[in-house]
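Contents: one structure, followed by commentary.
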Amino acid sequence: NAGVTQTPKFRILKIGQSMTLQCTQDMNHNYMYWYRQDPGMGLKLIYYSVGAGITDKGEVPNGYNVSRSTTEDFPLRLELAAPSQTSVYFCASSLYTDTQYFGPGTRLTVL
Amino acid sequence: KNQVEQSPQSLIILEGKNCTLQCNYTVSPFSNLRWYKQDTGRGPVSLTIMTFSENTKSNGRYTATLDADTKQSSLHITASQLSDSASYICVVTEYSGGGADGLTFGKGTHLIIQP
């Protein structure tokens, strides 16, 4: 199993641009999550999904959108990128509300 | 508001020495507490998970303890190795009847092992 994979690893955006961060898991997990981690801060939940077709907001959802059309994929969409969205983004998955498995992260810089 | 406080913020010890990291939380009602290890530039990896009824859980040289009454947990690392250099994150889950958004993450303790 590859586990949780994320692409791209790094990205630089200009203010106002849009992009999609990709996340795929091959463990047949029901739950998937998107977090952001700012320097020196804990991970903050952006969105999560408990199954295909079901998504819900986390602590910091503003400026982001998600979709879950399949069990495996959970892309995160940034519309109108802002400098405040400069962060490292982690995707994670879990079977239910148990141990989460994290991807390697995407480092995003908005200039 | 649910909070998870970790201490120390950072720690430097010599290879072979032991160390203990602390986690205090205010999350209620409590479901479980996890410790994750996050290597630089990587995603967190689970070390242990403990529920209300568990006081101690070990994973190799890592031993986690939980005192649910005082809402405190510790992670003890024995005979440290250079590969233990990482951030250690305490995560507490609020019992929310199956919801997935009841996790509160600590900011982590940054541990450096020196040769």
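Within the assembled protein chains, the solvent-accessible surface assigned to residue B:12 is about 100 Å², based on a 1.4 Å probe.
Nonpolar atom fraction for chain A, defined as the carbon and sulfur part of the 1.4 Å probe accessible area, stands at 53 percent. Computed from label points 7 Å out along Cα-Cβ, the spacing between residue B:42 and residue A:84 is 3.4 nm. Rounded to the nearest 100, the interface formed by chains B and A buries 1500 square angstrom of accessible surface, both chains summed, with a 1.4 Å probe. Residues of the range A:31-50 whose accessible area, computed with a 1.4 Å probe over protein heavy atoms, drops by at least 10 Å² once all protein chains are present relative to their chain alone are A:31, A:33, A:35, A:37, A:40, A:41, A:42, A:43, A:45, A:48. Greater than 26 Å separation of Cα atoms is the criterion. Which listed pairs, B:1/B:57; A:14/A:44; A:9/B:57, meet it? In this structure, B:1/B:57; A:9/B:57 exceed 26 Å between Cα atoms. Every Cα-Cα pair of chain B was included, and the share exceeding 17 Å stands at 51 percent. For the pair residue B:72 and residue B:1, the difference between a 0.36 nm per residue extended length and the Cα-Cα distance amounts to 23.9 nm. At a threshold of 40 Å², the residues of the range B:44-88 that become less accessible to a 1.4 Å probe in the full protein assembly than in their chain on its own are B:44.
Within the protein assembly as shown, the cysteines lacking any other cysteine Cβ closer than 4.7 Å to their own Cβ are B:19.
Identify the residues of the range A:71-99 with backbone N under 19 Å of a label point that sits 7 angstrom from the Cα of residue A:15 along the Cα-to-Cβ direction, or state none. Residues A:78-87 fall inside that zone. For the range A:21-97, the square roots a ≥ b ≥ c of the C-alpha gyration tensor eigenvalues yield an a/c of 1.5 or more together with a/b exceeding b/c, which makes the shape prolate.
Here the accessible area of chain B is 48 percent carbon and sulfur, with a 1.4 angstrom probe and all protein chains present. Solvent exposure of the protein assembly as shown, expressed per residue, is 48 Å² of accessible area, with all protein chains present and a 1.4 angstrom probe. Paramagnetic label reach from residue A:26 (point 7 Å along Cα→Cβ; backbone nitrogen cut-off under 20 Å): within the range A:71-93, residues A:71-75, A:91-93.
The values are calculated or read from the model by the stated rules, or taken from the named source; none is laboratory data. All values reported here derive from a predicted model rather than from experimental measurement. A quick note on method: Cβ atoms are made from the backbone with ideal geometry, for glycine too, and the neighbour counts reach across all protein chains shown. When the accessible area is computed, the model is the full protein with side chains, heavy atoms only, and any ligands, DNA or RNA have been set aside. Shrake-Rupley method; radii C 1.70, N 1.55, O 1.52, S 1.80 Å.
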